[in-house]
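A short worksheet on the structure shown next.
Bear in mind these aren't lab numbers, they're just calculated from the coordinates by the rules spelled out. All values derive from a computational prediction rather than experimental measurement. Cβ: placed from backbone, ideal geometry, glycine included. Neighbour counts: every protein chain shown.
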Amino acid sequence: MNAQSIFTASSSNSDPELAVKELKHQLNDPSIQFVLFFCSASFNLAKLGYALNEQFHDIGISGCTTAGEITPNGYERGSITAIGFSNQDFCVQVGSVKNLKRFTLGNAQTMLDQLRSQCTLSSAALNGFAITLVDGLSIDEEIFLATLNSALGSIPSFGGSAGDDVNLATTHVFFDGDFHTDAAAVLMVNTRFEFEVFTTHHLLPTDNKFVVTDAEPQNRKVNELNADLAATEYADALELSVDQLNNDICTLNPLAVKIGEQYFIRSIQSIEPDSSLTFFCAMENGIALTLMQPKDLKENLIDLFNGIESRIGKPQIVIGCDCFLRRREAELKGEDQQVSELLKAFNVIGLNTYGEQFSGMHINQTFTAVAIGQRRLNESV
Amino acid sequence: MSQSELDAAQKENAKLRKINQALIERLESGAVQLANPYSAFEHSVTLAEQVRERTDALNQALEKLNLSHRELSQANQVAEQANLSKTKFLAAVSHDLLQPLNAARLFATTLAEQPLDDRPKSLVDSMTRSLNDVENLLRTLVDISKLDAGVVHADKTNIRVAPILEQLSTEFEAAAQHAGLKFKHRTCNAWVHSDSLLLIRLLRNLLTNAIRYTKTGGVLLSARQRGDKLLIQVWDTGEGISQEDQKSIFDEFKRLPNADKAHDKGLGLGLSIVDKIAKVLNHTLTVTSTLGKGSVFSLEIPILNRAQEPANDPSPLHPSLSSSLQGKQILVVDNDATICEAMSQLLTHWGANVATSLNGEALGDKIDLGSVDLLIVDYHLDQGTGIDLAKRLLEQSSIDIPVLVVTANHSQSLNETIRQEGFSLLHKPLKPLLFRQRLRQLLG
């Protein structure tokens, strides 16, 4: 049982048909029963979907569009990357959600019961985790995740919000042979290997605090902070004028909410002409936001990877959801190549996201992932 | 304070009021509303934190659970081992006991047929009865150990119920009479798919029990059709079984408190065997009972429809008893000298000419195989099996001699092997009546 059971592939060919053929060529092991892919939104998705169905017609396949790919060669754009799972050590089953707003607890329970019963590996108890791929512009992640999490029970989960190359227009999730919007895929992964689901960020709080005094929760929009125009108040804290604010400034100076002892980043999606701020996550009147300060992103990753390696050894693969704002930050600081090398060295395959998911939480500006170790669980325990 | 300072302070004050307002609003919305996206997020965070705390506790509990699970499975292994040993022990003991018992019974039968005075005659009768009891107990132990070992399988064929009930009635009428009870039976003309040997054994146990636990009144054995099922029932007018006891009567070594100890020869295994056989046969067994009135044990078997009934009944249960063994040449091979001796006495008494051998070696020199009418071999010989020996002897002989294999081994596969060779089979200990019938069949 020492045969390879995780296979990776990527193609930068912009022709969907040729790109998928290249993937198929790299994922030709007959034991592969499931393929998870991440593709740039720049592909002609209709053609890409057709090619995927054609090349992988006899196995399970799911994926989503990205705001950048993490491939076997590190950071890419305009490409497609994929992971093939061997049925020797993995069973992957996909649950599909086609209308995020109408997803009830009843739906969640039915879906998960089905996934649990289908997701079996001979002579092994369920040792699994769930991956969620959600439409990244649906603004329904929080409620969808809370509902799903109630039914997931003790199964660890993580995931990402699909991206669209930072166009902020439409993001797609692929399942049941099609690309969908207002949708989510829930992948149940059962494996014989040790694994660890984790999340990390490298931001520390400053003393600057804001209270949201006027919010439009249905639009994730904040009109006022501290009873002043949101953009003005934010710019003041940064000792800038509102005119000087842009997406890069927001990326480097994110806001966060503190719950318990933890800070959760709430990323700004855009500065609106009316000086309001739109976020990548839910907002509410009366919540307190803290201005955050980035520390060293690379160091944080290195510490994280060292910790994982000490617990489960060098992973054979890390399936990672890396916020696209982190990649942007690295680019702004001229560190993107180094981060790319770090991810590559630690066998990360994944995507740049419009938001990450961890244990039912919708979070921003994090690296959230699963590391799958080389050691199989002792099956007799 | 200047006017501008005052304006600024008022403006600041208005801002703080608004912030205060927003905070109060947020605080007062308090309870988690899952329909609200931010609250849903907050709820998930709290949940995740609780999960982290509980995961530790859970992991510790899991660790303990694993430990006790390991201990339990070890204990379970030991228990299974012990159970297996028990089963093996019982099988071995039963086998080793059946051998000498077989010899004792043959001697007793021979003795009983000698002209004797009344006093020795009654002693021999008592001895024969005691031997019967020993055999029945032993048989019960063998049955239980085999049922427990899971080596008993139903060999189902299409059978008629009536002859089975007739046979059992004949058998138990005398026993009931002896116990001062009435015995009735009511049969019906149905065919069922079952194993006749196991079915008879099951009913025999029920009837034995019914007679054992009934002091006055009677026992009824009845078969009647109910829908597409056949209901075979054993009714008695005994003490009855309380609701409480009905649950446990099928347990091993369970004897009812109202059993008459002085006359009770059972081990309390009868109903346990009945239950186990019913399971092997996949027939439904139920009991209804009223204290002081009596009990009804019912066995439910699906009835075959007319189309499935065989054209005619192939196996008459009562073979003719008329032919004689007079002057027949019988060769007995058994590695146990006592058995050889006992067989020789019994068969000689029945009028046959008997030659015996411990191993069948050099037999061809001693006797003319051509003149042998019947070969009786023990399956367990010191070297090889009785089957192999019989085949060798048949090859040496020019004519086809009927072969009767005698064994204490009740295994199904052996039965099959013997049947395939075209040999006849009897199990030890031999029952004189059955033995004599079989000899007549083979020689007739």
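Structural remarks
- In angstrom, the C-alpha Rg and Dmax of chain A are 20.4, 64.
- Rg ratio (alpha-carbon, reference 2.2 N^0.38 Å) - the stretch B:74-149: 1.56
- Computed from the alpha carbon positions, the gyration tensor of the protein assembly as shown leads to an equivalent ellipsoid with semi-axes of 89, 32, 23 Å, biggest first.
- Model label points for B:Leu84 and A:Arg375, set 7 angstrom from Cα along the Cα-to-Cβ axis, are 3.2 nm apart.
- Stokes-Einstein D for the stretch A:236-381, Kirkwood Rh over Cα pairs, 20 °C, 1.002 mPa s (µm²/s): 126
- Number of partner chain Cβ atoms within 10 Å, mean per residue of A:226-237: 2
- Sparse packing (at most 15 other Cβ atoms within 10 Å of the Cβ) combined with a DSSP loop state is found for the following GluC sites (Glu not before Pro) in the stretch A:194-273: A:Glu239, A:Glu261.
- Taking each of B:Lys86/B:Lys146; B:Lys156/B:Lys229; A:Lys209/B:Lys15; B:Lys156/B:Lys279; A:Lys209/A:Lys258; B:Lys146/B:Lys229 in turn, the alpha-carbon distance tops 21 angstrom for B:Lys146/B:Lys229.
- Legend: mean number of C-beta atoms from other chains within 10 angstrom of residue C-beta atoms, peptide B:20-26, equals 6.
- Order of B:Thr187, B:Thr348 under a 10 Å beta carbon neighbour criterion, fewest first: B:Thr348, B:Thr187
- The stretch B:157-308 - Rg (one decimal) and Dmax (whole number), Cα, Å: 14.9, 51
- Taking amide H positions as modeled 1.01 Å from N, with prolines and chain starts lacking one, the residues under 5 Å from B:Leu381 and 5 or more places away or on another chain are B:Gly386.
- Relative to the longest principal axis of the Cα atoms of chain B, the long axis of helix B:270-281 makes an angle of roughly 80 degrees.
- Packing-based exposure ordering (other Cβ within 10 Å, fewest first) of B:Ile418, A:Ile363: B:Ile418, A:Ile363
- Counting neighbouring beta carbons within 10 Å and listing from fewest to most, the residues B:Leu106, B:Leu198, B:Leu84, A:Leu225 come out as B:Leu84, B:Leu198, B:Leu106, A:Leu225.
- Counting Cβ atoms of other protein chains within 10 Å of each Cβ in A:281-290 and taking the mean gives 5.
- Taking the DSSP bridge list for chain B and keeping only pairs wholly inside it, about 55 percent are antiparallel.
- Normalised contact order of chain A, rounded percent, pairs of Cα under 8 Å and 6 or more residues apart: 20
- DSSP beta bridges confined to the stretch B:329-443 are antiparallel in about 5 percent of cases.
- The stretch B:343-438 shape via C-alpha gyration tensor axes, a/c threshold 1.5: oblate
- Of all DSSP beta bridges confined to the protein assembly as shown, the antiparallel ones make up roughly 75%.
- In chain B, the longest principal axis of the Cα atoms and the axis of helix B:118-149 are about 30 degrees apart.
- Evaluated at q = 0.08, 0.11, 0.12 Å⁻¹, a Debye calculation over the C-alpha positions of chain B (equal weights, vacuum) places log10 I(q)/I(0) at -0.63, -1.02, -1.16.
- Report summary: the helix-based calculation at 222 nm, which adds -39500 (n - 2.57) for every DSSP H run with n ≥ 4 and divides by the residues of the protein assembly as shown, gives -13500 deg cm²/dmol.
- The ellipsoid equivalent to the alpha-carbon distribution of the stretch A:203-294 has semi-axes of 17, 16, 12 angstrom, derived from the gyration tensor eigenvalues as √(5λ) and listed largest first.
- Between the Cα long axis of helix B:337-349 and the first principal axis of chain B there is an angle of about 50°, rounded to the nearest 10.
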